[in-house]
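To keep things clear, I will list the structure first and then write my remarks on it.
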Amino acid sequence: MISFDNTKVAFADKTTSELRKAYWMFLLVKRPFLVKIGSWFLNIANRIKLPLRWALKPTVFAHFCGGETLEECETALNKLSSSGLKAVLDYAAEGVQTEKEFDEARDRILATIEMSKTNESIGFAVFKFTGIARFALLEKQSNGEPLSQQEIADYQRIKTRARQICESAKDAGIPVMIDAEETWIQTAIDEIVEELMIKFNKERHIVYHTLQMYRVDKLFYLKKLCADSKKKGYLPAVKLVRGAYMEKERERAEKMSYASPIQPDKIATDAAFDEAVKFCIKNIERIALSVGTHNEKSCEEAMRFMSVRELKNNHPLISFSQLKGMSDHISYNLALEGYNVSKYLPYGPLRLVMPYLIRRAEENTSVAGQTGRELYLIKKELKRRKTSKS
Ligand SMILES: Cc1cc2nc3c(=O)[nH]c(=O)nc-3n(C[C@H](O)[C@H](O)[C@H](O)COP(=O)(O)OP(=O)(O)OC[C@H]3O[C@@H](n4cnc5c(N)ncnc54)[C@H](O)[C@@H]3O)c2cc1C
């Protein structure tokens, strides 16, 4: 089994000054009180367009994002590629609302796919439906409420945008991941993604659905998806994650008096995640899998299941994925051992990427142990650099 503790490998492409900056940032993020105040302040600052670029761009933004434009992402792409990792260029602008803005977002995603034709370091395209669709409309459709004539037309436009992205990914020969979101819009997303898989995954795994294993129903869903794909003649592909909206989901369920869709505790989520990974690896002749996690144990379990099945580390249908700025010790050590690894590389105008940055700060505060682990590893590497010459 590989060691994730090799910090020389994990931080090979980080300068000492970048590591010091990251250390201070994680130290701040470790304090929930500061993150709460900071998130509140940044939300307001963003809304009233307070000029904070000078403070955010070289620090938090540089740590978690690739750049504001595709050109700015080139340095990050080259760094990943020189360590054998692929990038998932993620246009992470959020809070867009108009049809024009949704079309613009689609065009940005199409541009990343276009770029992948000449830049081999891009392994996947990615998008989330709320980047190209109105949240309220996805919610209405998920609830099965009747849509007005205007809404029917808007809904068709959402499907067209998604289809254009997948079509273009298919032509460029790269897979496209579709992120999972809140349960109350996810039913509509599931329906569209299944249609897209039927259309585009005939010969190759082009469209990757995302399953959040903190949901009590998703293990069953995965098995059903696999069975349905046989009947309907397509190849299922999934990115497995634990899920990012737990608090919000639980609060809403309690407020609206319905049973929480989330697993009762972390142990149950962990078990469902590992079970889903195992199921996919068992069925790897059909399903393509991306293991989207910063959890060391789950990565080890995935590697173990692969070795039980005597699969090569670089099996073409299995990849691991982490977010830029998080768990480099997992990504870089896995890549060194020949596993397929891709890093989500969010990009977009600073102001529009702000909600993503706030979520990362909140996640690093709320996920017990995560920040402590990052701090420990950065400190270890800084010490190593001080005492060694290589
Ligand atoms: C490459 C990549 C892509 C991602 N894409 C998406 C996406 O499309 N949609 C999305 O929602 N998220 C996405 N995420 C975020 C992901 O869902 C997790 O929030 C994040 O990765 C933390 O989980 P973990 O597996 O890394 O590990 P851990 O740190 O071990 O797990 C933390 C997670 O466990 C779950 N959890 C924690 N406490 C409890 C509890 N008491 N009861 C039940 N469950 C609990 C929560 O999901 C929490 O986020 C993505 C993450 C990565 C790395």
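The values are calculated or read from the model by the stated rules, or taken from the named source; none is laboratory data. Here the structure is a predicted model, which is why all the values come from computation and not from measurement. Backbone-built Cβ (ideal geometry, glycine too); neighbour counts: all protein chains shown.
If you check residue 348 against the conditions, is it closer than 16 Å to residue 92 by Cβ, within 13 Å of the ligand (Cβ to nearest atom) and either modelled with pLDDT under 95 or not hydroxyl-bearing (Ser, Thr, Tyr) (or both)? Criteria not met by residue 348. Quick check on my filter: what residues within the stretch 60-78 are surrounded by 15 or more Cβ atoms within 10 Å (Cβ to Cβ) and farther than 21 Å from residue 290 by Cβ? Scanning the stretch 60-78 gives 60, 61, 62, 63, 67, 68, 70, 74. Within the stretch 247-271, being in a helix (DSSP H, G or I), within 9 Å of the ligand (Cβ to nearest atom) and farther than 21 Å from residue 358 by Cβ holds for 266, 267, 268, 269, 270. Sub-7 Å Cβ pairs linking a first residue in the stretch 272-291 that is on the phi > 0 side of the Ramachandran plot to a second residue that is away from the ligand (no atom under 16 Å from the Cβ) and not in a helix (DSSP H, G or I), at least 6 apart or interchain, number zero. Kindly provide the set of residues from the stretch 277-304 that are within 16 Å of the ligand (Cβ to nearest atom) and hydrophobic (A, V, I, L, M, F, W, C), ordered by number. Within the stretch 277-304, 277, 280, 288, 289, 291, 299, 302, 303 qualify. Tell me whether the stretch 138-151 contains one or more residues that are outside any helix (DSSP H, G or I) and in contact with a Lys or Arg (Cβ under 9 Å, 6 or more places away or on another chain). Within the stretch 138-151 (the criterion being outside any helix (DSSP H, G or I) and in contact with a Lys or Arg (Cβ under 9 Å, 6 or more places away or on another chain)), the answer is yes, since at least one residue qualifies. Applying the set (1) at pLDDT below 95; (2) over 17 Å from the mean Cα position of the chain (by Cα); (3) within 16 Å of the ligand (Cβ to nearest atom) to residue 364 leaves exactly one unmet item: (2). In the stretch 5-95, counting only helices (runs of 4 or more DSSP H) that sit wholly within it, the ones holding 1 or more residues that are over 19 Å from residue 359 (Cα atoms) and modelled with pLDDT of 70 or more span 7-10, 16-29, 53-56, 74-82. Could we say that residue 274 is more than 8 Å from the ligand (Cβ to nearest atom) and either more than 26 Å from residue 326 (Cα to Cα) or touching a helix residue (DSSP H, G or I) at 6+ places or on another chain (Cβ under 9 Å) (or both) here? Here the answer is yes, as residue 274 does meet what is asked.
Taken together, the residues in the stretch 193-221 that are buried (at least 20 other Cβ atoms within 10 Å of the Cβ) and either within 15 Å of the ligand (Cβ to nearest atom) or within 16 Å of the chain's Cα centre (by Cα) (or both) amount to 11. In this structure, is residue 312 within 7 Å of the ligand (Cβ to nearest atom), closer than 26 Å to residue 328 by Cβ, surrounded by fewer than 20 Cβ atoms within 10 Å (Cβ to Cβ) and without any contact (Cβ under 8 Å) to a residue 40 or more places away in the chain? Judged against the criteria, residue 312 is not a match.
Output the number of the condition that residue 244 fails; it satisfies all remaining conditions of (1) surrounded by fewer than 16 Cβ atoms within 10 Å (Cβ to Cβ); (2) within 16 Å of the ligand (Cβ to nearest atom). So the condition that residue 244 fails would be (1). Within the stretch 125-144, residues that are over 21 Å from residue 353 (Cβ atoms) have Cβ atoms under 7 Å from residues that are β-branched (Val, Ile, Thr) in these pairs: 138/185; 138/189; 139/185; 142/185; 142/187, counting only partners at least 6 apart in sequence or on another chain. Considered as a group, the residues in the stretch 168-192 that are of a type in the set (A, V, I, L, M, F, W, C) and assigned to a loop (DSSP other than H, G, I, E, B) include one that is farthest from the ligand (Cβ to nearest atom), and that residue is 174.
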